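One structure is given here, and the rest of the page talks about it.
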Amino acid sequence: MDSVLMGFSVADRAYGGYGKRLLGGYPEVAKMAMTIFGCDGAPVMKQTGYPAATLIRYVLSHPFCSAVIGMHTLEELEENVAIVRQFVSYSDSELKAIENSVDPSKVTGGFVLR
C-alpha cells in the first residue's frame, strides 16, 4: 500500500480518534513512502460552527502529504486558496483546544476505521 485516503477533521475524536492515531501513533507509517490524504467535510463545519478557515488550518496542521478540500463555487475556491496562501500551522495547544471544544454527541456522519 502506498497511499491512504481517510476522513479527518476536528471531529476525529468523535469517531474514536482513528485519524490522530494513524498520523501520530504509528511511527512505522511515517517511515514508509506513503501518501496520506486527508479530507474535511462540510457537515463538520455545520455541526461544529467553525468557519472553513479554522477547519482547513486544523487539517493542514497535521502531517499530511495532501488534503482534499471540496468546494462548490468559485468563491469557495478563492477562499480556500487564500487560506492556504496565508497558512500558519496551529500550535499543539491550539490544536488541543479546538479538539476539546467539539462535542462528540453533536457530530454525526463521517468515516470510522475499524
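Derivation of every value follows stated rules applied to the coordinates shown; laboratory data play no part. Everything numeric in this text was worked out from a predicted model, so none of it was measured. Positions of Cβ are generated from backbone atoms using ideal geometry, with glycine treated the same way; all protein chains shown enter the neighbour counts.
What the table shows:
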{"quantity": "Amide H partners (placed H, <5 Å) of residue 67, local residues excluded", "calculated": "38"}
{"quantity": "Exposure proxy ranking, count of Cβ atoms within 10 Å, fewest first, for 48, 73, 54", "calculated": "73, 54, 48"}
{"quantity": "Candidate aspartates and glutamates for bridging to residue 46, where Cα separation is under 19 Å - those fewer than 8 sequence places away on the same chain excluded", "calculated": "12, 75, 76, 79, 99, 103"}
{"quantity": "Counted charge near residue 96, where neighbours are those whose Cβ lies closer than 14 Å (Asp, Glu -1; Lys, Arg +1)", "calculated": "-2"}
